[in-house]
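Only one structure is covered here, and it is reproduced in the block below.
Derivation of every value follows stated rules applied to the coordinates shown; laboratory data play no part. These numbers were taken from a predicted model, which means no experiment stands behind them. Reconstructed Cβ throughout: ideal geometry from the backbone, glycine too, with neighbour counts over all protein chains shown.
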Amino acid sequence: MRKQIVAGNWKMNNDLSQTKSLIDALKSKTKTSNAEVMVAPTFTNLSHASSVLKNTNVEVIAQNMHFAENGAYTGEISASMLKSIGIETVILGHSERREYFNETDELLAKKVDAALAKGMRVIFCFGEELADRKSGNEETVVGNQIKNALFHLNAASYQNIVLAYEPVWAIGTGETASPEQAQDMHAFIRKTLADKYGDNVADEVSILYGGSVKPANAEEIFSKPDVDGGLIGGAALNADDFFAIVNAF
């Protein structure tokens, strides 16, 4: 049975003091759902967060990583470096990485391979922009992003893959795909996997929705049969809001 997951992506927010305060607030909250809970602080605060949350029900994950093991890649972080401080899961392919840092499907395929080779779990992000949605090309765009970056993998690799659909037009805009739109796309994503790998693989892969999820809409979105949780942005920076979303299950 696939897992329910709520992952908070803190993006480029919170210095060390703010991170400590948010972690303390998270530790004080009670989880009433069976969902896995994850938070992704900035690189500079990963080690502290990982240490403090080590024996709690909140997993600390990374926002990004490089495909190389080491070398002359100034400013980059490898999978081994993440693993050395207890990080076992990494977000790859976020729309902001694609847009602002020109990350391509081909580059992301290399990152996915590097993470899996080290036994890490990958939350792989993808999604269409507003122009794609308006032109009716959203399924083509999403399908190609998945195929180009992931379809070289064997079926067993998907035990360590979580998919995160993030309609770019609904990130930080206050706009949210309707629960029906989210379900339709998640169903398409699952069918895309099934066509390649079979129903058994497709049915076991968790697919998260990422696009302005809030306490007010989380329960309705999470109630859809192919939505297995959320990749949360702004609401993850407030402990009360984040756990309200976690408990929406």
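Numbers below:
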{"item": "The chain: radius of gyration and largest Cα-Cα distance (Dmax), Å", "result": "16.9, 48"}
{"item": "Share of Cα-Cα pairs in the range 162-249 lying beyond 20 Å, as whole percent", "result": "31"}
{"item": "Sites Asn70 and Glu204 - FRET efficiency at Förster radius 35 Å, r taken between beta-carbons, to 0.05", "result": "0.55"}
{"item": "Principal axis dimensions, the range 1-100 - Cα atoms, whole angstrom, descending", "result": "45, 37, 27"}
{"item": "Karplus (6.51, -1.76, 1.60) ³J(HN,Hα), θ = phi - 60°, over the range 11-27, in Hz, Gly and Pro reported as x", "result": "6, 8, 9, 6, 7, 4, 4, 5, 5, 4, 5, 5, 4, 4, 5, 5, 5"}
{"item": "Whole-Hz couplings from phi, Karplus 6.51/-1.76/1.60, listed for the range 233-245; x for Gly and Pro", "result": "x, x, 5, 6, 8, 10, 4, 5, 5, 5, 6, 5, 5"}
{"item": "Size of the range 35-93 as Cα extents on the principal axes (Å, biggest first)", "result": "37, 22, 16"}
{"item": "For Ile5, residues with placed amide H under 5 Å, excluding near neighbours", "result": "Glu36, Gly229, Gly230"}
{"item": "Amide proton proximity set for Ile123, modelled H, under 5 Å, gap of 5+", "result": "Val90, Ile91, Leu92, Val162"}
{"item": "Peptides 17-25, 70-78 ordered by average Cβ neighbours within 10 Å, highest first", "result": "17-25, 70-78"}
{"item": "Centre separation in Å (Cα based) which lies between the range 129-152 and the range 206-249", "result": "23"}
{"item": "Nonlocal amide H pairs with His66, under 5 Å, H built at 1.01 Å", "result": "Ile77, Ser78, Ala79"}
{"item": "Spin-label model distance (nm) - Asp105 vs Met12, 7 Å beyond Cα toward Cβ", "result": "2.8"}
{"item": "Karplus (6.51, -1.76, 1.60) ³J(HN,Hα), θ = phi - 60°, over the range 86-92, in Hz, Gly and Pro reported as x", "result": "x, 8, 10, 9, 9, 7, 10"}
{"item": "Kirkwood Rh and Cα Rg combined as Rg over Rh, evaluated for the range 75-173", "result": "0.99"}
{"item": "Cα coordinate range in the range 201-249, projected on the principal axes (Å, largest first)", "result": "35, 17, 15"}
